[in-house]
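Note sheet for the following structure.
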Amino acid sequence: MANPFAPTSLTEAQFHKISELVKRLAGINLHVGKMQLVKARLNKRLRDLGMTSFAQYLAFLEDDKSGNELVSMLDALSTNLTNFFREPTHFDYLRTTILPRILQSGKSRRIRVWSAGCSTGEEPYTICITLLETIPNMGLWDVKILATDLSTQVLKRAAQGVYSEARFEGVPRAVVHKYFDKVKSDGPETNYQVKGVLRQLVTFGRLNLMEAWPMTGPFDVIFCRNVMIYFEKPTQAKLIQRYYDLLCPGGVFFLGHSESLTGTNHRFKYIQPTIYEK
């Protein structure tokens, strides 16, 4: 008797069809080295749908007029592992350089930050904590943080704001207890949920970076970390130009630790690795 949980085989031709579809929809480049990752992640979708072959799944994608399965496929293929205060150099720069400059300018009490590719929410909530810990009289400021992602699943988890203790590695306990409430967990590990003081500053929304952007800016800071690595150079160049246009003069753009704008035509001023200024 066949094992219903056995992985379904994926041919090169089927992988090519899936990678072309993902690139056309979301600009993400799935090279041949990602074939096993695609197979592993989409096998779960096949099991959930009661399917036994990728041929069946591809036919289902073509017939799905609602587009819901395309969203579920992109959800499954997105990489979404992150922690609080990941790549701390960026939050140090936000705290020691960007925010003091905004506070001293005295021109406006308005701050806008965009977390593009926010995953399960650790990044925008970390931005919130940094702002709250740095800005005196926060209630006198008009502060908004936009957090977007391609995946509806991670956005749902971000909005719920419940995290395992492992996600807080290296974060001072005083900070955890100040901004999170301990909540019940199904397992032995302690879980924490974000408090309202963080929730009220963040707006979550689904956004495909390849499509039109509804926001007009200007933003003081844009975080787009560990997102550009999934795009080819021409797509990266277009995105970088769009980010530049949405920043205010002197606005700061953060990339992930493994990314840079080297070899890409852009107008940003280089500050230090992964940090650029308009």
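Protection proxy ranking, highest mean first, for peptides 270-276, 216-222: 216-222, 270-276, where packing is the per-residue count of other beta-carbon atoms within 10 Å, averaged.
Computed from the Cα positions only, the extents of the chain along the three principal axes stand at 69, 49, 31 Å, in decreasing order. DSSP finds beta bridges in segment 88-277, and of those with both partners inside it, around 40 percent are antiparallel. Just to compare against my own numbers: the Cα pair-distance distribution for segment 12-77, 5 Å bins, whole % per bin, please. Spelled out per bin, shortest first, that is 4, 17, 32, 31, 14, 3, 0. Semi-axes of the equivalent ellipsoid of segment 182-275 are 31, 17, 14 Å, computed as sqrt(5λ) over the eigenvalues of the C-alpha gyration tensor in descending order.
Averaging 1/r across all pairs of distinct Cα atoms in segment 59-190 and inverting the result yields a Kirkwood radius of 17.0 Å.
The local environment of Ser19, defined by Cβ-Cβ distances under 14 Å, has a net charge of +3 under the rule Lys, Arg +1 and Asp, Glu -1.
The Rg/Rh ratio of segment 15-136, with both radii computed over alpha carbons and Rh defined as the Kirkwood radius, is 1.17.
Each reported figure results from applying straightforward, stated rules to the coordinates on display, with no laboratory input. Predicted model, so just to flag it, every value in this text is computed and none were measured. Heads up, the Cβs are rebuilt from the backbone with ideal geometry, glycines too, and the neighbour counts pull from every protein chain shown.
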